[in-house]
Amino acid sequence: MTGQSDQRQWRTDTDSLLRKLVSAIPDMLSTYWLSADGESHRFVFISEHVQSVLGIAPEVLRENAEAMFSAVHPEDVPGLKASVAESAFALSPWRRQVRLKMKAGHYDWFEINSMPERQADGSTVWYGQFHSIQRYKDLEHTLRERETESAFQADFQRLIANLSTNFINLGFGAIDQRITDLLRAIGGFFEVDRAYLYEFSPDYNVMDNTHEWCSAGVPALIDSQRNVPTDGFEWWQCKVNEMLSGNRVIFVEEIEQIPAGPERTMLEQQGVCSMFCVPVRVRGLVTGFFGVDSMRKRAWREDQADLLIIVSGLLSGALERNRLESELLNQSIRDPLTALHNRRYLMPRLHEMLSRSTRYGEHFALAMFDLDRFKRINDSIGHLGGDLCLRTFAEILLEQTREADVVARFGGEEFVVAFSNVSPADIRLTVNRIICAVRNHDFVFEDQVVPLTVSAGVADIGELDVVPASPDPLIRLADDRLYAAKQAGRDCLVDASGVSRI
């Protein structure tokens with residue numbers, strides 16, 4: 001019952017969190033379904049703000065996708081339908097740029113990026129997004145009008161397109177390299193000497209240089225620009241406030257324009273002659289800034305700030321997506337009740353430990369814990385009281401183990417701790433200490449003390465004749481010993497040496 005209740009609660013919490021996260025994303029996320037015969041189609045899911053963007057109610061699209069296709073510019077419809085058919089046939093990514101009729105009546109450009117998946121009934125489902133690229137199209141239009149800058153237009157468009165593609169196809173965990181690639185590309189394109197990204201602390205009192213590119217011969221500053229306090233830099237704090245309140249770009253054409261003070265002294269020591277700093281926003285909040293420095297006096301383009309704002313927009317979108325993916329990943333590998341890692345996280349870690357044991361002979365062991373007579377506790381004080389006991393036990397586990405140990409909720413009232421590079425004697429000592437801590441802890445729910453004990457079974461990789469291909473044999477051994485601890489009267493540990501009770 002506890003496991004089912006936890007699972008229902010987990011699903012409810014997950015659905016609520018996903019709805020909140022999706023609503024915070026400016027793109028229209030969608031799940032598009034097309035029948036096997038191509039006669040029926042609908043959006044199984046689409047972001048609620050399709051109503052405010054296109055004026056189409058989400059429930060209409062969930063019944064039939066025709067309203068979305070009717071919003072496509074007539075010139076773009078044939079190509080769009082062909083791209084859907086091609087993607088469905090080859091199960092290749094569905095990527096297409098189209099103009100959609102906005103709620104106000106005009107057309108804006110959007111880029112569709114979706115991955116197809118064939119269903120058992122022959123239908124196809126695409127998972128992806130409608131991403132507004134109107135600002136990039138506007139920039140393209142502006143640049144095309146400047147006939148004297150045709151070469152620059154083409155190069156900049158190509159650069160932005162390549163950078164956009166890199167971020168759209170960004171794999172999880174690769175954002176740092178992609179940001180460095182962007183700084184290198186932008187720095188080279190605008191012929192500056194340094195390009196960088198800073199992140200503000202939540203209170204804006206500290207800034208951290210997270211990424212940097214320098215041209216040949218220009219010394220890197222990133223190591224000296226970690227966790228830099230902004231107090232004492234009066235001019236800079238004023239400029240940061242302008243960033244926060246007015247989304248202002250900081251442009252210093254010549255360092256001599258800065259009032260004498262610590263900021264000017266520092267920039268002169270760094271050899272900076274002029275600079276641009278552009279705010280970077282994530283979820284509507286300024287979280288940092290992107291900047292470029294020139295070590296020599298130079299003439300800047302009149303639209304330089306606008307172009308850098310476009311680049312900042314790319315960074316904002318990438319950082320926003322990365323933050324969302326990180327939150328989703330963390331939520332997927334955490335138990336929502338105890339905040340411990342769950343089995344989805346535990347099993348890959350155990351496979352890693354097995355691999356290191358095979359390659360390098362590294363030692364590790366598993367301890368499996370189970371709260372004694374937990375069903376009786378739930379029946380006597382209710383599930384809320386039971387949840388309190390689970391959370392408190394999780395806290396005890398974290399207090400009694402090392403950061404290097406993997407602590408996870410295995411399911412229900414069962415927990416697992418994976419110990420690496422610890423002797424069997426030390427593991428026995430630690431597990432017994434945990435058992436004693438639980439026995440001596442006052443679990444109080446609604447002014448009622450709940451007596452609670454825990455049993456444990458420990459299995460060591462060294463006990464197996466050969467290192468197995470999966471952690472299952474070790475888990476089974478730990479589980480068998482946990483059962484033996486229950487049979488021995490509970491509130492004790494069973495390992496290779498037998499029953500241990502303190």
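Some observations on this one:
- Leading residue by the ranking (nearest to His106 (Cα to Cα)) among those in segment 49-63 that are in contact with a helix residue (DSSP H, G or I) (Cβ under 8 Å, 6 or more places away or on another chain) and assigned to a helix (DSSP H, G or I): Leu54
- Residue count for segment 351-409, restricted to those that are out of contact with any Leu (no Cβ under 8 Å at 6 or more places or on another chain), aromatic (Phe, Trp, Tyr) and either in a helix (DSSP H, G or I) or more than 17 Å from Pro471 (Cα to Cα) (or both): 2.
- Ile435 touching an Asp or Glu at 6+ places or on another chain (Cβ under 7 Å) and part of a helix (DSSP H, G or I): yes
- Selection within segment 154-171: residues that are over 15 Å from Leu319 (Cβ atoms) and outside any helix (DSSP H, G or I). The member of this set that is modelled with the highest pLDDT is Asn169.
- Selected residue (criterion: surrounded by the most Cβ atoms within 10 Å (Cβ to Cβ)) from residues of segment 292-337 that are of a type in the set (Gly, Ala, Ser), under 17 Å from Asp181 (Cβ atoms) and in contact (Cβ under 8 Å) with a residue 40 or more places away in the chain: Ala318
- Arg321 being part of a helix (DSSP H, G or I), under 30 Å from Gln153 (Cα atoms) and either touching a Phe, Trp or Tyr at 6+ places or on another chain (Cβ under 9 Å) or polar (S, T, N, Q) (or both): yes
- Filter result for the condition that a residue is under 18 Å from Tyr32 (Cβ atoms), in contact (Cβ under 8 Å) with a residue 40 or more places away in the chain and surrounded by 14 or more Cβ atoms within 10 Å (Cβ to Cβ), over Tyr127, Tyr136: Tyr127
- Pick from segment 114-124, criterion of a type in the set (S, T, N, Q) and closer than 29 Å to Phe167 by Cα, ranking: surrounded by the fewest Cβ atoms within 10 Å (Cβ to Cβ): Gln119
- A residue that is aromatic (Phe, Trp, Tyr), over 23 Å from the mean Cα position of the chain (by Cα), surrounded by 15 or more Cβ atoms within 10 Å (Cβ to Cβ) and at negative phi occurs somewhere in segment 357-373.
- Residues satisfying the stated conditions in segment 114-123, i.e. in a strand (DSSP E or B) and over 19 Å from Val77 (Cβ atoms): Met115, Pro116, Glu117, Arg118
- If only residues of segment 416-432 that are of a type in the set (Val, Ile, Thr) and not in a helix (DSSP H, G or I) are counted, the one that is nearest to Leu371 (Cα to Cα) is Val416.
- Here Gly188 meets each of (1) in a strand (DSSP E or B); (2) surrounded by fewer than 20 Cβ atoms within 10 Å (Cβ to Cβ); (3) of a type outside the set (Val, Ile, Thr) with one exception, condition (1).
- Within segment 414-469, the set of residues being among the hydrophobic types (A, V, I, L, M, F, W, C), touching a strand residue (DSSP E or B) at 6+ places or on another chain (Cβ under 8 Å) and either outside the structural domain of Gln487 (by TED's automatic domain parsing) or over 17 Å from Gln400 (Cβ atoms) (or both) comprises Val444, Val449, Val450, Ala459, Ile461.
- Filtering segment 399-414 to residues that are in contact with a Ser or Thr (Cβ under 7 Å, 6 or more places away or on another chain), buried (at least 19 other Cβ atoms within 10 Å of the Cβ) and of a type in the set (A, V, I, L, M) leaves only Val407.
- Among the residues of segment 206-213, at least one is without any contact (Cβ under 8 Å) to a residue 60 or more places away in the chain and more than 20 Å from Val282 (Cβ to Cβ).
The values are calculated or read from the model by the stated rules, or taken from the named source; none is laboratory data. Because the structure is a prediction, the values reported are computed rather than measured. Methodologically, a virtual Cβ is constructed for each residue, glycine included, from the backbone with ideal geometry; neighbour enumeration extends over all protein chains shown.
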